[in-house]
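Enquirer: Submitted below is the structure of interest, expressed as structure tokens.
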Amino acid sequence: MFTGIVEEIGIVRGVASGQNNGSIDIGASLVLEGTKIGDSIAVNGVCLTVTIIKEDGFTADVMPETFRRSNLGTLRSGDSVDLERAMAADGRFGGHIVSGHIDGVGTITKKHQEGLATNVTISAPPGILRHIVEKGSIAIDGISLTVTAVTDQNFSVSLIPHTGKQTVLLQKECGSQVNLENDIIGKYVDRLLTAAVPRPDKESRITLEFLQENGF
């Protein structure tokens, strides 16, 4: 489990991808503190398991499904990536609940300045936009951000200077792909509501009244 508060910008030193397996090697320092083999680190929002630890970085395995769902397969040596260790039980919950399980990728279509903030507009597939709400949360390359606007084709977020400096997002140009993870609470609620729709061959016992009575 992560919070979407990026701890460090790492540098990709190599990506190996094959038909059945792959790996990524990343130069880092801060996220190595207290980390051991088997621990989880989010790389551009993707939860990966550390398999090798070095003095100046780590290596993680990447399965084919992860390459299909994320932008990790587009990374090259020298690229910067957002890094976050799994949340400690005694830590502050500064962002929102982030699982590190990417729903898909979006494409940056516009960036513009508004006062001290930078607005970024990202196009995304309908299945992802379905779970995005204005003023709700979304993880973009592992960054917990608040949605400022959403349409049937794209959505927008706004970054303060601190977030821009501590993450990779503003380094990317229009046309770049970013990893997207919807708010997990919204996905569960949508699933429950979908299940509540009666099927012709089976009547569901889950109703809106049932969900309300149980805290949804």
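Each value in this text was obtained by applying a stated rule to the coordinates, not by laboratory testing. Computed from a predicted model, the values in this text were never measured in an experiment. Cβ placement follows ideal geometry from the backbone for every residue including glycine, while neighbour counts extend to all protein chains displayed.
Enquirer: Would the stretch 29-104 count as rounded, prolate or oblate if I go by the C-alpha gyration tensor, calling it rounded below 1.5 in a/c and otherwise prolate when a/b exceeds b/c, oblate otherwise?
Expert: Cα axes put the stretch 29-104 in the oblate bin.
Enquirer: Something else: Considering Cα pairs under 8 angstrom that are at least six residues apart, work out the relative contact order of the stretch 29-85 and quote it in whole percent.
Expert: In percent, rounded to a whole number, it is 37.
Enquirer: Okay, next question. Using r as the Cβ-Cβ distance of GLU209 and SER123, and R0 as 45 Å, what FRET efficiency do you calculate, to the nearest 0.05?
Expert: 0.75
Enquirer: Further question on the same structure: Label LYS135 and THR194 with points 7 Å out from Cα along Cα→Cβ: what is the distance between them in nm?
Expert: Distance between label points: 2.7 nm.
Enquirer: Given the options ILE128, ILE160, ILE11, which has the most mean-square fluctuation in a GNM of the chain, springs set between C-alpha atoms less than 10 angstrom apart?
Expert: Between ILE128, ILE160, ILE11, it is ILE160 that shows the largest mean-square fluctuation.
Enquirer: Let me ask something else about it. Could you give the angle, 0 to 90 degrees to the nearest 10, between helix 184-195's Cα long axis and the longest principal axis of the Cα atoms of the chain?
Expert: The angle comes out near 30 degrees.
Enquirer: Now for a different question. Treating only the Cβ of Lys, Arg, Asp and Glu as charged (+1, +1, -1, -1), what charge dipole size does the chain show about its Cα centre? Round to the nearest 20 debye.
Expert: Dipole magnitude for the chain comes out near 340 debye.
Enquirer: How big, in percent, is the set of alpha carbon pairs in the stretch 146-185 lying more than 12 Å apart?
Expert: In whole percent, the long-distance tail amounts to 71.
Enquirer: Then there's this: Relative contact order for the chain: what is it in percent, counting Cα pairs under 8 Å that are at least 6 residues apart?
Expert: The normalised contact order for the chain reaches 22 percent.
Enquirer: Now, a different point. If each DSSP helix of 4+ residues adds -39,500 (n - 2.57) and the sum is divided by the residues in the chain, what number results at 222 nm, nearest 500 deg cm²/dmol?
Expert: -4000 deg cm²/dmol
Enquirer: Suppose the chain between ARG92 and ARG68 were pulled fully straight at 0.36 nm per residue; how much longer would it get relative to their current alpha carbon spacing?
Expert: That pair, ARG92 and ARG68, stretches by 5.4 nm at full extension.
Enquirer: Rounded if a/c is under 1.5, else prolate if a/b beats b/c, else oblate: with a ≥ b ≥ c from the C-alpha gyration tensor eigenvalues square-rooted, which is the stretch 55-190?
Expert: rounded
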